[in-house]
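The block underneath contains the structure these notes are about, expressed in structure tokens.
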Amino acid sequence: MTYKPVIGLEIHAELSTKTKMFCDSLNDPNEKHPNINVCPICMGHPGTLPVINKEAVRKVVVAGLALNCKIAENTFFERKNYFYPDLPKGYQISQYQKPLCYEGYLELITKKKIRITRIHLEEDAGRLYHLPDKDYSLVDYNRAGVPLMELVTEPDFENGQEVREFSQELQLIWKYLGVSDANMEKGQMRVEVNISLTNPDGSWGTKVEVKNINSVKFASDAVNYEIKRQIELLEAGERVKHETRGWDETKKVTFSQRSKEEAHDYRYFPEPDLPPIRIANGRASTTPVGGPPLFFIDDIRDQLFELPQQRRDRFKKQYNLPDNDIDLFTVNKSLGDYFEHVASELLSFDKLGHLKRPDAGHQDKLFKLASNYLITELRRMCEEVSAESADTKITPEMFADLVVRVFHGEISSSGAQIVLKEMFSTGKNPGEIIREKDLEQISSVDELSIAVKMAVADNPKVVEEIRGGNDAPIKFLIGMVMKNTKGKANPQVVEEMLKEILKS
């Protein structure tokens, strides 16, 4: 029997605001000391009143617009009532009836659209620490009250790969927009997966929720495992239980956490201590009926940055780089920004006539050469010292200067690596380093003529073999020329000269 997976996601992301959602306590995910960033409001003391963090609302609207959502013009907060030690008030201020954003979508690379049901804003709970071999747990309330954005999708996923692709792209979009750092290791982004299989009549089977997933890869692995587990149960004549399961990243299996046979009644009702939120279409230059709203949608839309897929499309059109290079420059945004500065400098060199031998497609070749050295060399050196490319001593102009010298054949590829390493350490320009280390490559036919003729004259058996139809030994002759010139000969020029001589 064929079973079709039905998969939906619930994704929480902590917003990157200065303060918490309803008070002035700091929103600092890097705080290691427990219960430092707390106050009477986020701790739910009697008599305290919450105040809406306007920046948190704006960031959710930004996220919604980037994900093609409709924005609610009139909405409000509600109390979600439940009792748990990490929730100091005994309820969570959230949204249920009217989320800020709804009916959006995100298109995967395969062009499949994943529908987004809603994005709403709420406050996060504290963090529980269950101590081994102890009969009690500890609670850290630093996170309690942090602005939390929850995104719910339609059940449009069919496998773990789609879940992985969607989650990675969503994470990237939020980082680009500055909405959330979305660091899953720090708990700033949390993925929950709902999985069921279709019954023979096409109806959906029993839903299983998988929680405690702390990486995009694990979310994908958990989905694939759970699909396999449920199919095996059904084919064995057993039923799938409605339950919450966790993911064991060591064993690569899901495990039962608790039954969900009974639905929770959270007794939602409007938060009486907070005013409704009003967001208007248009711009601040207009005066809508009913007085000024919290935000104007078009004003926020105008502030949207370039999104990852827009960047991919532009890099392809503007620089004609391979897809792998473009993907890396998209995911590693700071490296991609640095590449763009280098590319701008390369175009300046070109306009000033500093390219001595431009040919068809020479700009694309320059861009690809710059990309190669950035990805393979500069990125590695930056990673070794945990630095960004923009923070190094190598300015984009210096890097472009080196690329042009390699392009012209003034320095070999191995020599360029030496120069780049010295630039990284000292901040000296490439020309100065090349002179100091005597690394200038010989590309002049006149200068190489004697060394090439000597290699041919000294190796008659090799020459005879090449003239007999075996081209492989020509590398030996190139090596001899390199040896005689102390590695300074341009091997491409040498090879062409040898082929010309050996024709006769």
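Tally time: how many residues in the stretch 166-203 are more than 16 Å from Glu14 (Cβ to Cβ), in a loop (DSSP other than H, G, I, E, B) and assigned by TED's automatic domain parsing to the domain that holds Glu107? Residues that pass the stated criteria total 0.
Within the option set Ile119, Ile114, being crowded, with 22+ Cβ neighbours inside 10 Å and under 29 Å from Asn30 (Cβ atoms) holds for one residue only, Ile119. Could you go through the stretch 165-173 and let me know if any residue there is among the polar types (S, T, N, Q), touching a helix residue (DSSP H, G or I) at 6+ places or on another chain (Cβ under 6 Å) and buried (at least 20 other Cβ atoms within 10 Å of the Cβ). Scanning the stretch 165-173, I find at least one residue that is among the polar types (S, T, N, Q), touching a helix residue (DSSP H, G or I) at 6+ places or on another chain (Cβ under 6 Å) and buried (at least 20 other Cβ atoms within 10 Å of the Cβ), so the answer is yes.
I'd like the full set of residues that are part of a strand (DSSP E or B), buried (at least 18 other Cβ atoms within 10 Å of the Cβ) and touching a Ser or Thr at 6+ places or on another chain (Cβ under 7 Å), limited to the stretch 210-220. If the condition is that a residue be part of a strand (DSSP E or B), buried (at least 18 other Cβ atoms within 10 Å of the Cβ) and touching a Ser or Thr at 6+ places or on another chain (Cβ under 7 Å), then Val210 is the only one that fits. Within the stretch 304-324, being touching a Leu at 6+ places or on another chain (Cβ under 9 Å) and closer than 17 Å to Lys368 by Cβ holds for one residue alone: Phe315.
Considering Ser167, Ser94, which residue is among the small types (Gly, Ala, Ser) and within 30 Å of Lys228 (Cβ to Cβ)? So the residue among Ser167, Ser94 that is among the small types (Gly, Ala, Ser) and within 30 Å of Lys228 (Cβ to Cβ) is Ser167.
To keep it simple, each residue is scored yes or no on (1) touching a residue at least 40 places away in the same chain (Cβ under 8 Å); (2) surrounded by fewer than 18 Cβ atoms within 10 Å (Cβ to Cβ); (3) within 30 Å of Ser386 (Cα to Cα).
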| site | (1), (2), (3) |
| --- | --- |
| Ala455 | yes, no, no |
| Gly468 | no, yes, no |
| Ala472 | no, yes, no |
| Leu477 | no, no, no |
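Screening Asp391 with (1) out of contact with any helix residue (DSSP H, G or I) (no Cβ under 7 Å at 6 or more places or on another chain); (2) within 19 Å of Pro491 (Cα to Cα) gives one miss only, at (2).
Specify which of the listed residues (Ile297, Ile227) is touching a Pro at 6+ places or on another chain (Cβ under 9 Å) and crowded, with 17+ Cβ neighbours inside 10 Å.
Going through Ile297, Ile227 in turn, just one is touching a Pro at 6+ places or on another chain (Cβ under 9 Å) and crowded, with 17+ Cβ neighbours inside 10 Å: Ile227.
Just to be sure before I move on: is Leu366 part of a helix (DSSP H, G or I) and either modelled with pLDDT of 90 or more or touching a helix residue (DSSP H, G or I) at 6+ places or on another chain (Cβ under 7 Å) (or both) in the structure I sent? Considered against the rule, which asks whether it is part of a helix (DSSP H, G or I) and either modelled with pLDDT of 90 or more or touching a helix residue (DSSP H, G or I) at 6+ places or on another chain (Cβ under 7 Å) (or both), Leu366 comes out as yes.
For residues that are of a type in the set (Gly, Ala, Ser) and part of a helix (DSSP H, G or I), scanning just the stretch 391-431, find the one that is farthest from His362 (Cα to Cα). By that ranking, first place goes to Ser425. In the stretch 99-110, is there at least one residue being closer than 23 Å to Leu304 by Cβ, assigned by TED's automatic domain parsing to the domain that holds Asn27, over 21 Å from the mean Cα position of the chain (by Cα) and charged (D, E, K, R)? Yes, the stretch 99-110 has at least one match. Within the bounds of the stretch 476-493, is there any residue that is among the basic types (Lys, Arg), out of contact with any Phe, Trp or Tyr (no Cβ under 9 Å at 6 or more places or on another chain), not in a helix (DSSP H, G or I) and not assigned by TED's automatic domain parsing to the domain that holds Ser414? Within the stretch 476-493 (the criterion being among the basic types (Lys, Arg), out of contact with any Phe, Trp or Tyr (no Cβ under 9 Å at 6 or more places or on another chain), not in a helix (DSSP H, G or I) and not assigned by TED's automatic domain parsing to the domain that holds Ser414), the answer is yes, since at least one residue qualifies. The single condition from (1) in contact (Cβ under 8 Å) with a residue 12 or more places away in the chain; (2) more than 17 Å from Gly427 (Cα to Cα); (3) surrounded by fewer than 20 Cβ atoms within 10 Å (Cβ to Cβ) that Met381 fails is (2). As a summary of the residue check, Val51 satisfies the conditions (1) farther than 14 Å from Pro99 by Cβ; (2) touching a Pro at 6+ places or on another chain (Cβ under 7 Å) except for the one numbered (2). For the stretch 49-70, a tally of residues being under 27 Å from the mean Cα position of the chain (by Cα), over 17 Å from Pro147 (Cβ atoms) and surrounded by fewer than 19 Cβ atoms within 10 Å (Cβ to Cβ) returns 2. Residue count for the stretch 1-48 under the criterion of being within 22 Å of Ile213 (Cα to Cα) and more than 26 Å from the chain's Cα centre (by Cα): the result is 2. Which of the numbered conditions does Phe269 fail, given that it passes all the others? Conditions: (1) loosely packed, with under 11 Cβ neighbours inside 10 Å; (2) at pLDDT 95 or above. Single failed check for Phe269: (1).
Yes or no: the stretch 253-260 includes at least one residue that is free of Cβ contacts under 8 Å to residues at least 12 places away in the same chain, more than 15 Å from Glu10 (Cβ to Cβ) and not basic (Lys, Arg). Scanning the stretch 253-260 turns up at least one residue that is free of Cβ contacts under 8 Å to residues at least 12 places away in the same chain, more than 15 Å from Glu10 (Cβ to Cβ) and not basic (Lys, Arg).
Quick check on the stretch 432-448: of everything there that is surrounded by fewer than 16 Cβ atoms within 10 Å (Cβ to Cβ) and part of a helix (DSSP H, G or I), which residue is modelled with the highest pLDDT? The selected residue is Glu432.
The values are calculated or read from the model by the stated rules, or taken from the named source; none is laboratory data. What you see is a predicted model, and the numbers here were worked out from it, not measured in a lab. Neighbour counts are summed over all protein chains in view; Cβ atoms, including those assigned to glycine, are modelled from backbone coordinates with ideal geometry.
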